[in-house]
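The block underneath contains the structure these notes are about, expressed in C-alpha cells.
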Amino acid sequence: MNMSQKLSAGELPANFCSGDPMKLSPKTKIDELLKEHKFIEEFLVKYNPKFSMLRSKVARATVGKMANMKAVASVGGVAVKDLLRDVASEVERVTGLRPDTEADELEEQEEVDAPPGHPVHTYMKANEKIAELANKLAGATRDLGSAAGGASVEALEQARSVIEDLSGVDLHYTRVENQLFPFLEKHGIGGSSKVMRGVHDEIRDALKNATDATAKGDVTELAKVGPRLARDLAEMIYKENKILFPMAMQALTPDDWNEVRKGEDEQQLDGDE
C-alpha cells in the first residue's frame, strides 16, 4: 500500500502536522500535544521512564486531559523550560517546523478554593503536613550513607522519627481512595483514580521499605530509599493538589461533596482547624 492509499484510508503519517506547529507553554495540555504530534509520545517515554504512563489509554483519557506540560515536567523531575525546549527540538526534527515556546509564561495554575470543612481543604491540609515531613526525610537521609559513624547514628534517629510520623500517609491515601474516588468513578473519571491508587500503593511499599531499613539500622539502604521516598511523596502532593483535586472540584456536585464529608473518617492526619 502506497502513501496516497494510506492517506485516503484516513491513516496519517506519524510526522503529520496540521498547519502551523502549535505553541508550547507550561499550560499546554499533554493530551492536545499528543493529538497534534503523535510521535511525541514515543519521544517522551524515552526521554524519561516516568513518562511511560502516557502509553496507558486510561491515563491519557483522564489525567492526560487535565495535566499540562508543567505538571508532566514535575512528575519527571525536570525543569519545564528544558522539557519545552527538548519537545520543540523533537517537533522540529521530525516535521521541519519549530513551535514557539513560552517557558516564561505565568506558571501558577488555578488554585483550588475550598473552605475549611470541605473535604478538599482537609486533604490539602494533610498534604501540607506530608510535605513538611518529606522535606525533613530528605534532609535526614540525603547524605546518610557517607556520614561519619556518630553522625550516621544521629541522622538515623532523625529519619526513624520522621518515618514514624509518615505512617499517617496511609490514612490520608485511604481516605482519598475510599471517600473521593468512588464519586470520581460515578462521574466517569475512574481512570485517574486507578492511576492514583497505583502510585499510592508504590509509596506505601516504599514507606514500608524505609521503615524496615530503620528497624534494621541499615544506613546504606535508608540512604538509598529515603530520598526517593521523599521525592515520590512530593510528586504525589503536586498531582493531588494540581490535578486530582481541581478535577474533582469541577466534576462533583454539592450533594456529592456532602456525601463525601459524611463518609469521612473522624481520624485525620492534620485535620481542619
Write out, first by first residue and then by second, each pair whose Cβ atoms fall under 8 Å of each other, whose residues are 6+ apart or on separate chains, and whose first residue, in the stretch 68-95, is in contact (Cβ under 8 Å) with a residue 60 or more places away in the chain while the second is assigned to a helix (DSSP H, G or I) and among the hydroxyl-bearing types (S, T, Y). A71/Y238; S74/Y238; V75/Y238
I need the full set of residues from the stretch 135-167 which are closer than 16 Å to R204 by Cβ and either of a type in the set (S, T, Y) or at pLDDT below 90 (or both), in order please. L137, S167
Going by the conditions given, is R228 modelled with pLDDT under 90, of a type in the set (K, R) and outside any loop (DSSP other than H, G, I, E, B)? yes
G188: passes all of (1) assigned to a helix (DSSP H, G or I); (2) exposed (fewer than 15 other Cβ atoms within 10 Å of the Cβ) but (1)
Being modelled with pLDDT under 90, more than 23 Å from G77 (Cα to Cα) and not in a helix (DSSP H, G or I): is that true of E266 here? yes
Would you confirm whether or not the stretch 198-215 contains a residue that is assigned to a helix (DSSP H, G or I) and at pLDDT below 85? no
Scan the stretch 206-224 for residues that are in contact with a helix residue (DSSP H, G or I) (Cβ under 7 Å, 6 or more places away or on another chain) and either among the charged types (D, E, K, R) or in contact (Cβ under 8 Å) with a residue 24 or more places away in the chain (or both) and jot them down. A206, L207, A210, T211, T214, G217, V219, E221, L222, A223
For L34, all conditions in the list (1) part of a loop (DSSP other than H, G, I, E, B); (2) in contact with a helix residue (DSSP H, G or I) (Cβ under 8 Å, 6 or more places away or on another chain); (3) modelled with pLDDT of 75 or more hold save one; what is the number of the exception? (1)
Note down all Cβ pairs under 8 Å where the first residue falls in the stretch 163-192 and is closer than 14 Å to N127 by Cβ and outside the structural domain of L229 (by TED's automatic domain parsing), the second is loosely packed, with under 14 Cβ neighbours inside 10 Å and acidic (D, E), and they're at least six residues apart or on different chains. none
Sort out which residues of the stretch 161-182 are under 20 Å from the mean Cα position of the chain (by Cα) and hydrophobic (A, V, I, L, M, F, W, C), and write them in order of number. L166, V169, L171, V176, L180, F181
So, K194, is that one over 20 Å from I130 (Cα atoms), of a type in the set (K, R) and part of a helix (DSSP H, G or I) or not? yes
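The values are calculated or read from the model by the stated rules, or taken from the named source; none is laboratory data. Small disclaimer: the values here were computed from a predicted structure and weren't measured. All Cβ positions, even for glycine, are placed from backbone atoms using ideal geometry, and neighbour counts span all protein chains on display.
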